[in-house]
1. Would you check if V287 is at pLDDT 90 or above and not in a loop (DSSP other than H, G, I, E, B)?
2. Among T173, T164, which is the only one that is at pLDDT 85 or above and of a type in the set (S, T, N, Q)?
3. Is it the case that some residue within the stretch 372-380 is under 20 Å from the mean Cα position of the chain (by Cα), modelled with pLDDT under 95, crowded, with 24+ Cβ neighbours inside 10 Å and under 30 Å from L259 (Cβ atoms)?
4. Within the stretch 356-408, how many residues are in contact (Cβ under 8 Å) with a residue 24 or more places away in the chain, out of contact with any Phe, Trp or Tyr (no Cβ under 7 Å at 6 or more places or on another chain) and in a helix (DSSP H, G or I)?
5. List the helices (runs of 4 or more DSSP H) that sit entirely inside the stretch 20-130 and contain at least 1 residues that are farther than 30 Å from A351 by Cβ and without any contact (Cβ under 8 Å) to a residue 12 or more places away in the chain.
6. So R276 passes all but one of these: (1) surrounded by 19 or more Cβ atoms within 10 Å (Cβ to Cβ); (2) in contact with a Leu (Cβ under 8 Å, 6 or more places away or on another chain). Which condition number does it fail?
7. Could you check the stretch 1-13 and list, in sequence order, the residues that are surrounded by 14 or more Cβ atoms within 10 Å (Cβ to Cβ) and either of a type in the set (D, E, K, R) or in contact (Cβ under 8 Å) with a residue 60 or more places away in the chain (or both)?
8. Based on what the data block shows, is A167 closer than 30 Å to R100 by Cβ and crowded, with 17+ Cβ neighbours inside 10 Å?
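The values are calculated or read from the model by the stated rules, or taken from the named source; none is laboratory data. Since the structure is predicted, the reported quantities are computational estimates derived from the model, not experimental observations. So basically every Cβ, Gly included, is an ideal-geometry build from the backbone, and we count neighbours across all protein chains shown.
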Amino acid sequence: MSSDAMITHLVGATALIVIVAHTAGWLARRLGQPTIIGQLIVGIMLGPTMLAELSPELSKTLFPQEIAPVLTGMSQIALVLFLFAVGYELDLRMLGGRTRTVVAVSVAAFVVPMAAGTGAAVLFHDQLAELGAPEELSASSVLFFGVALSITAVPVLTAIVRETGLAGTVAGTVAVSAAGLIDVMGWTVLVGTLLESDPHGGLSWQLRLILLAIFTAVMLLCARPVLRRLLWRPQVEPSVRLALLVGFAFASAWVTNALGLHVIFGALLAGVVTPRERGGTLDPDLVRPLHDIGSVLLPFFFVVSGKSVEIGALDATGVVALLAVTVLAVVIKVVSGTVAARWSGLDRHDARTVGVLLNTRGLTELIALNAGLQAGLIEGPLYTALVLMALATTLITQPLLAVVRRLRERADGPTTKETAPQPLGDTPLVEAPRGDTSLIEAPLVEAPLGDAVSVDTVSAAGIPADARPVADAAPADAPADPGDAAGGPLPSAAPGSR
């Protein structure tokens, strides 16, 4: 194929991918699902599962083999931009006054699924090897399967929290904070699983580990002050700063990819060390363009990932594996998150909400699976089953949240005169002891009727139910104050976050 013909095919494929994928993402949002659901389904449909099965000639015409490397390159560019933004927005200071709860929930929701995944990889190695796991049982393959069950997608979870009105609540803040810690642990373990596999060859894993440690130390200790001194000057225009920081992210991604650890780690690390504005706020001139460009290009990643998904290749064993891994992933994640949240002091309804939210895997899971596919840790039907598991666990999050809401409403009972909202002038006042600021500092939770009541303070003070203060519900357009729930803001999420 000539260069002109290849450019023509590439431009046509780009138009098809961008239009169809974003239309499907918009439809998914209209149906109350994350954008990723629609875009991933389109990526699978444009692959061998549907398009190549229905019309092989049309598939070859739209996506000739000659443009496959270019599409793969564009998908990696999209990942670098996306993960650079994720790393930049990662802020563990948002734990606030619920550090113990968040740490307990994140450790339980990561360690328990990790243990279940690694145990299943060892017990059912022969069956998994038939589906696409490595024939030889290795620590990397075992740990990778554990990571596949323990990942939580922070961007998708954040979008769901905001869209369902959970932003600023105890459950929403704990879930988002715990998901951030889970992803930190997940990426760290994933680095270890990829150290043994070197697609470039030549370097031992010990040498690559030393080089990675040196690179990480330089980035964490030196990169932030140097970037702030060079780029955070009044004479540096925001557009120039954006371009240089994006170049910095690609350079960091190149280093980790050269070490055989995939571009995702370098991009994520570059985002973590990028300086923020004074006071720790995000730079809108950086966040907004990264989200805009990343959202345009991410469909290339879904299409490239969908090319390796072949639902028709799943035999009876593959279908059983798909059902088993999906049920195991959902149950172990929801139960571990719920139990840990309950033991940490959350009420049973908030604890259930936290467990359900942490089951969201989304794009983060797909990125990890793609890294494992390139490293040879999974392939064939097993990759297909895990991708469909990521799709299913994200898809059922909204229905499970609806079930939790109904359980809360049923437990709270029907609205009565005593529980109905009262005008501010009729609100009974409760006088706290002198010097007691618990009524001010206590976390607020969302009551069934939308009234914010200080449950912890009421219980602690022994105030009878009929004397509890009731506050007027905030106006619909009033922004929620995340600090009431956890002492810190939720990370920003641009429209269409994944």
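1. On the way: at pLDDT 90 or above: no; not in a loop (DSSP other than H, G, I, E, B): yes.
Considered against the rule, which asks whether it is at pLDDT 90 or above and not in a loop (DSSP other than H, G, I, E, B), V287 comes out as no.
2. On the way: T164 fails: at pLDDT 85 or above.
Answer to the selection: T173.
3. Within the stretch 372-380, the first condition is being under 20 Å from the mean Cα position of the chain (by Cα), and the residues that meet it are 372-373.
Now restrict to residues that are modelled with pLDDT under 95: 372-373.
Now drop any that are not crowded, with 24+ Cβ neighbours inside 10 Å, which leaves 372.
Keeping just the survivors that are under 30 Å from L259 (Cβ atoms) gives 372.
Taking every residue of the stretch 372-380 in turn, at least one turns out to be under 20 Å from the mean Cα position of the chain (by Cα), modelled with pLDDT under 95, crowded, with 24+ Cβ neighbours inside 10 Å and under 30 Å from L259 (Cβ atoms).
4. 36
5. Working: elements: 35-45, 51-54, 56-62, 68-89, 99-123.
Hits in the stretch 20-130: 51-54, 56-62, 68-89.
6. Among (1) surrounded by 19 or more Cβ atoms within 10 Å (Cβ to Cβ); (2) in contact with a Leu (Cβ under 8 Å, 6 or more places away or on another chain), the lone unmet condition for R276 is (1).
7. Filtering the stretch 1-13 for residues surrounded by 14 or more Cβ atoms within 10 Å (Cβ to Cβ) gives 6, 9-10, 12-13.
Residues satisfying the conditions are M6, L10.
8. Working: closer than 30 Å to R100 by Cβ: yes; crowded, with 17+ Cβ neighbours inside 10 Å: yes.
Yes: the conditions hold for A167.
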